[in-house]
Every structure is written in C-alpha cells, then in structure tokens.
Amino acid sequence: MWNIIKEYRHYLATLVLVIVPVIALNAGGKRPADFHWFDRAAIAVSAPVQTSIRWVIETSWDSLQSYLLLLNTQSNNRGLALENRKLLNEIAAFEEVAKENARLKALVEFNAPLEGKKVVAQVIAQDVSPEFRMIRINKGTRNGVEAGMAVISLEGVVGRVIRAGKEFSDVLSLLDSSSAIDALLQRNRVRGVVEGLGGNSLAMKYLRRTDDVQEGDLIVSSGIGGLFPKGLTIGKVIAVKKKNFGISQSVEVVPAADFNRLEEVTVIDPPKMPLEIATLDDAKEKEAAKQPKQDSRGAKSAPSPKAEPKVKAAPAPAPAAQ
Amino acid sequence: MIHELYRVLNFFLVIVLCLLFSALQSVALKLAALSWLELDLLLLVVVYLSLHRGFLEGSLLIIMIGRVAEIHSGAPTGILTACYLAVFLAILFTKEMFLVATTFSSIILAVAGGIVWKIAFFVLAQRYGILGNSWRSSLEYMLPFLLSLGMFARPVFNLVRSLDQRTYVERESEARELTGEEF
C-alpha cells in the first residue's frame, strides 16, 4: 500500500492540487474574488501593457488606413504624395479626435438626463478566457467606481461592475452566461428576464406562450432592482421560437451595444427611486411609531405626531428610451 | 550559485511572460477580426511547463498562471486554476505512457490539452451552476479553439524554450530526460 502511494505520490499530490481550487470555488461562490496583493501586483504589470497594446493597435490601424488611401496618389506624383501623406495623416488624426469628440459629446448628452453619479471610462481589455465575458475599464475606486454599479454605453446597457481596483474595474457584460436583467418589450410592456448566452447574443426568458413577441421588437430595462434606470435599451428581438407544447417561448435577442467595438462607457450609480425612498421613510416612521409601544415600562404611549402616515406622491415613471 | 539564480529568475520570467500573454490575449486577440480564434496562450504555456518542468516547480507555476488568468477574467475564483491543473495532471499521465519526443507530438498534446481543459471546465461549471447557457457557444467555438492551439503551439513553445535556454533550464531538462531521472 505504502509502495503504491509512494509510486504515485506526484499524481496524488496533483489531484490534491486540483481539489484545492475546487474547494476555493465552493467556498467563494460564483463571484470572482476581490483583488489581493498578488493580483494588484500582477495588474500593475499587465494593465499598462494592455493599454499600450491597445494604443499600438489603434495607431497602426489608423496609419495603415491612411497609407492605403495614399497608394494611388503616390504613383502620380511622389512629391505631392509625400505632402498629401502628411496631410492625410494629420486629417486622419484629426478625424479620429473629431470622432472621439463626437462620441464623447453624444455620451455626455445621453448621460445628462440620468441622475446620480456618472463616470465616463474607456474599455481597455476583454476577458482572457473565452468562456466568460468580462470587460476591463480604465476607471476604478480612485474615480468613484465601486462594485455593483451599472455600466451603460451610448447604444444601451453594457453590464455591471463586479470588482473595482484603484485604477481599473472589471465589468460583467450582459453577454456573460451568469448575467441576467429584468426587461420589458417596449411595444407592449411584456416583462421577462434577459440572460447572457456566453456568445454574442442574449435570450429573453420567462415570457408566456401567449405573449405577443415579434422580430424587431425593442427590449428595454424595466428598472426593477434599481440597478439600471428604467427605459435603457438592451437589445432587439431577432428570433422567436414557439414549440407546440410548453408554457413559454424562446426569444433570441441581439444586444444593442456592439461589444466587439465598445470604446467608451459610462458607469452610473442611480440614486434610489423616490418611491423607494418614500417607502423606506414610511417603514422607518412605522418602526419609530412602534418603539414607544415596546417601552420597557410597559405603558402604552401615544404615537408621536411623526408617526402619522405620510402620503408621498409617487413620481411619474421615466419615459422609455426610443 | 549562478545556476540557482538563473533558475529563480526563470520562474519569475515565466510569470511575467504569462502576464504579457494575458495582456495580449485580452486586447489584441479580442479584436473583431481575431476574436473567432479563441486562442488561449496561457494554456499553451501550461502544456509546455507540464512537459518541461519538475512536479513541484510545474505545479507552483501553474497555480500562479491560473491566478493570473483569473484576475484577467470574470471567472469565479479557482475554476481556471483547477482546469489548468487538470491539464497538468493529464499531461503527467501521458508523459508516463507515451514518448513525447517530437514537436509534432507536442502539438498533438497541446490540442489534447485543449480538450481536457474544456472537459474540466464543463464538469466544474456544471457542478457549480455557472455553466448556464455558455456550453452552446463553447461547443460552437471548440474547433477554432483547438485549431488555434495547434497553430500557435510551436511558436509559443519555441518562445518559452528560448527563455529556458537563456536561463539554462532547458539543458537541465534535457539532461533529466536523457538520464531518465524521475520528474
């Protein structure tokens, strides 16, 4: 027995090594762990590299495009082409700046009606594993980004922050298979849950078989849960499959945000809806009203004037995004 | 003394190389034109290390590589490390049973490592309820994933080998294979 153990000790030890992370997985739940010292050191090395690689790719691509534009001009007149190249390079650079300005301006205008804290960030990297759909942005706790905040783009909902470092944050995108968001069909207000499929599309679930869903229907966030404001675009229905049996139907959705070309996003922390605050206030006041009754002296005290129920007007729902 | 220093240096250089690979993998290889490749450079490094490192050093390196992958991913803690260690274990068994002497056999082993990785991932993800709907897209991209592993195995192996040669680890590894010393 001992000899067998001795002979296969390395395999046994490796098996133990495999089991250790599995136990960590069991203990840690489904969420990725927060950053520790090793993680912070590793990110301090890789994050600037990620930013540099992205910059090199973008610059090379712009230069290549400019160069390709110039090939014909070069054959006509070398001198003129040289000047042209310089000018076109400059124009390409200006165009890039202009495009970025336009995008940022549109983003600022888009963000204006949203209440609460807003942080504009750039996407610098995506998930290293093909099985998960996280994206990394260049803003962290130093800029006010915290875990649990919502992330949106000009096109629509992107995801939510799952962990935040000092300078960088990780965002679980809508595409990830562990992502789910309460949603509405904009046309007829039918409710469902939009879930990621791990690929490039989403699925809207928990729709009844009798619900009227058509291809091209726009899906918006319902606002339930308080993470995403109501009316933000999530995506568009591209396929509806109804089986001959069952109580639900399967709906395939293409996300509004193009995750392959995502450059700028906004991290938002919407304030609690006034209705929720009112409900919370009422609950606190009711609790306060109960307090004198539970007095240790046992005497029933009259409720304080503050305990009188207040009726607060619920605000009109926010208009849905078009 | 110099040899030991180089050996320690090699350990850290492999980690730094993996950090660079993960940066490359999460930016350049996620461009729209290349994202279909689903290439896992870290897995190729794991395969190489399983073939050319002793048990203790190999397992330590692979645990650290697993953590490097996890901090660049939305994956729950432990799952990627466990998958990489499963590949390590599978290659240790394979090394015992088959002769992995040529570059071609190493490439085949890299592809097989990809299959083991996917199986380990499916089993763990299913067990912990994080597989969800992702199995469909995983299977869809299985072929490009394996093909890309096969295509990039040689350049990645050569890169890590050149690092080993510069830090004298490769000579030691060759000597161990020639003398038949236990890993």
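Using 0.36 nm per residue of separation minus the Cα-Cα distance, give me the extension gain between A:H36 and A:T210 in nm, one decimal. Numbers along the way, then the final one.
Details: separation 174, 0.36 × 174 = 62.64 nm, distance 4.98 nm.
The A:H36-A:T210 span can extend by a further 57.7 nm.
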To the nearest 10 degrees, the tilt of helix B:2-27 (Cα long axis) against the first principal axis of the alpha carbons of chain B is 20
Taking GluC sites (Glu not before Pro) in a DSSP loop with at most 15 other Cβ atoms within 10 angstrom as exposed, one finds the longest site-free stretch of chain B at B:1-180
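Across the residues of A:192-199, average count of Cβ atoms on other protein chains within 10 Å? Mind showing how you got there, number by number?
Numbers: counts 0, 0, 0, 2, 4, 6, 10, 7.
Mean shielding by partner chains, rounded to a whole number: 4.
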With x for Gly and Pro, the residue-by-residue ³J(HN,Hα) of region B:59-66, computed from phi through the Karplus equation 6.51 cos²θ - 1.76 cosθ + 1.60 at θ = phi - 60° and given in whole Hz, is 5, 5, 4, 6, 4, 5, 5, x
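Dipole size in debye (nearest 20) for region B:40-165 around its Cα centre, Lys and Arg Cβ +1, Asp and Glu Cβ -1?
On the way: 8 positive and 6 negative charges, 18 e Å.
Charge dipole, region B:40-165, about its Cα centre: 80 debye, nearest 20.
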In terms of the charge dipole of chain B, which places +1 on Lys and Arg and -1 on Asp and Glu at the beta carbon, the residue among B:G132, B:A75, B:T102 farthest towards the positive end is B:G132
Given A:182-190, A:208-216, the highest-first ranking by average Cβ count within 10 Å works out to A:182-190, A:208-216
Partner shielding of B:124-134, taken as the mean number of other chain Cβ atoms within 10 Å, equals 6
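Where Rh denotes the Kirkwood radius from the mean inverse Cα pair distance, what is Rg over Rh for region B:40-165? Don't skip to the answer; put the middle values down first.
Details: Rg = 14.2 Å, Rh = 14.8 Å.
Here Rg/Rh amounts to 0.96.
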Expressed as a whole number, the average count of other chain Cβ atoms within 10 Å around the Cβ atoms of A:51-61 is 2
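Determine the alpha carbon to alpha carbon distance for each of A:K99/B:K118; A:K139/A:K241; A:K6/B:K118 and list only those over 32 Å.
A:K99/B:K118; A:K139/A:K241
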Between the modelled labels at A:K243 and A:K86 (7 Å from Cα along Cα→Cβ) the distance in nm is 6.9
Rounded to one decimal in nm, the spacing of the 7 Å Cα→Cβ label points at B:I119 and A:E263 is 4.5
So, with points 7 Å from each Cα along the Cβ direction, the B:M97-A:V20 label distance in nm works out to 2.6
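Values in this text are rule-based calculations from the coordinates and carry no lab data. Note that the structure is a prediction, hence the values are computed from the model and not measured. As a convention, Cβ positions derive from the backbone with ideal geometry for all residues, glycine included, and neighbour counts pool all protein chains shown.
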